[in-house]
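The values are calculated or read from the model by the stated rules, or taken from the named source; none is laboratory data. The structure displayed is predicted, hence computed values, not measured ones. Every residue, glycine as well, gets a Cβ built from its backbone with ideal geometry; the counts of neighbours run over all protein chains shown.
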Amino acid sequence: MHYIHIKNRSSHPQTFQCRSPYNGGKDLTIPANGEAKLEAADGTSGAIIAVHDGVIGEQCEITKSGWMGYDTIDISNICGAGGNMTCQQVGDPAGQYKGHELFMQACNDAWHKLPQDKKNKLNGFVFLDGKGNVKRIGAPKESQALEEFVRTFANGRTYIGVGAWGPSAGNPADNEQSKAGKGSKDILIVYSDGNAAPEPSKPFTGQAIQASAFNVLAAAPPSDIAVASVKATEATGPGILLTNHSAKKNTYFFYDNYWNGNGTEGNWKGPGN
């Protein structure tokens, strides 16, 4: 059995939504400077989501021992942010992780440099404290202006916008976040109002990903990329058995992240459910 280790490095209790099966799908509140340990069996998928003012924000999306037995984890801000969060497979070098360790500080700095006309476009999506500093942002998936703003300081560090979905190829920087890690291990999630790096004294050096990791993404519009036909090959391990019983050729899209690339939580149900 592997585990998810969650560290709350803030000076206040922090509540997280735990999407099934983690923690039985129940909310979890970790005290200031406290830790929690949750079971995370191979083959499971879910998310650990920070809650701010009753609204969900930054989150760690997890698939344990998925494709070829590799873990897939990322930090997503597609639904908002109010704190800093990082994640890594336990045992990875301290500087190799996903997420922006100072996301909110970078957001606040970028906000104060933003021209007033652009601030006006973010009305209702950027929330300030009594001193005029950013305390929380809404969901970039609901505002193109907000997505563009967040990309000015966090592009390539977190999942920000709507990724590959249907005819859209998504943003390359977002798609990179869905690359698999190295094998199946325990997962470390760090939350903080300050530096959320696994070891704050160690600078970010990059993501630790499996060299052979890849994304099966949606086909781009025909005007950009032609959809290729491929011949089925003999299966070499666990996977998806896809059979087309119709009388015509069909195109299928494969998605490799918990939010399905369109900003909605994955919620597949099989026949009869």
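Please go through segment 172-193 and pick out each residue that is free of Cβ contacts under 8 Å to residues at least 40 places away in the same chain and touching a Phe, Trp or Tyr at 6+ places or on another chain (Cβ under 7 Å).
Within segment 172-193, just 174 meets the criteria.
Out of 129, 117, 92, report the one residue that is of a type in the set (Asp, Glu) and touching a residue at least 24 places away in the same chain (Cβ under 8 Å).
Result: 92 is the single residue among 129, 117, 92 that is of a type in the set (Asp, Glu) and touching a residue at least 24 places away in the same chain (Cβ under 8 Å).
Would you be able to tell me the number of residues in segment 171-192 that are assigned to a loop (DSSP other than H, G, I, E, B), over 14 Å from the mean Cα position of the chain (by Cα) and small (Gly, Ala, Ser)?
The number of residues fulfilling the criteria is 2.
Which residues, taken from segment 98-122, are under 30 Å from residue 198 (Cβ atoms) and not hydrophobic (A, V, I, L, M, F, W, C)?
If the condition is that a residue be under 30 Å from residue 198 (Cβ atoms) and not hydrophobic (A, V, I, L, M, F, W, C), then 98, 99, 100, 101, 105, 108, 109, 112, 113 are the ones that fit.
Taking strands (runs of 3 or more DSSP E) that fall entirely within segment 53-146, which contain at least 2 residues that are over 21 Å from residue 162 (Cβ atoms) and not acidic (Asp, Glu)?
Once the strands (runs of 3 or more DSSP E) in segment 53-146 are filtered for at least 2 residues that are over 21 Å from residue 162 (Cβ atoms) and not acidic (Asp, Glu), what remains is 84-89, 126-128, 134-137.
Table: residues versus (1) touching a helix residue (DSSP H, G or I) at 6+ places or on another chain (Cβ under 6 Å); (2) among the hydrophobic types (A, V, I, L, M, F, W, C).
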position: 53; (1), (2): no, no
position: 57; (1), (2): no, no
position: 60; (1), (2): no, yes
position: 63; (1), (2): no, no
position: 68; (1), (2): no, yes
position: 71; (1), (2): no, no
position: 74; (1), (2): yes, no
position: 80; (1), (2): no, no
position: 91; (1), (2): no, no
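Would segment 54-67 turn up any residue that is of a type in the set (D, E, K, R), surrounded by fewer than 13 Cβ atoms within 10 Å (Cβ to Cβ) and within 19 Å of the chain's Cα centre (by Cα)?
So far as segment 54-67 goes, no, none of its residues is of a type in the set (D, E, K, R), surrounded by fewer than 13 Cβ atoms within 10 Å (Cβ to Cβ) and within 19 Å of the chain's Cα centre (by Cα).
Considering only segment 44-96, state which residues are hydroxyl-bearing (Ser, Thr, Tyr) and under 19 Å from residue 26 (Cβ atoms).
Scanning segment 44-96 gives 44, 45.
Hey, can you tell me all the residues within segment 93-110 that are surrounded by fewer than 20 Cβ atoms within 10 Å (Cβ to Cβ) and touching a helix residue (DSSP H, G or I) at 6+ places or on another chain (Cβ under 6 Å)?
Within segment 93-110, 106, 110 qualify.
Spot the failing condition for residue 154; the list is (1) at pLDDT below 95; (2) crowded, with 21+ Cβ neighbours inside 10 Å, and only one is missed.
(1)
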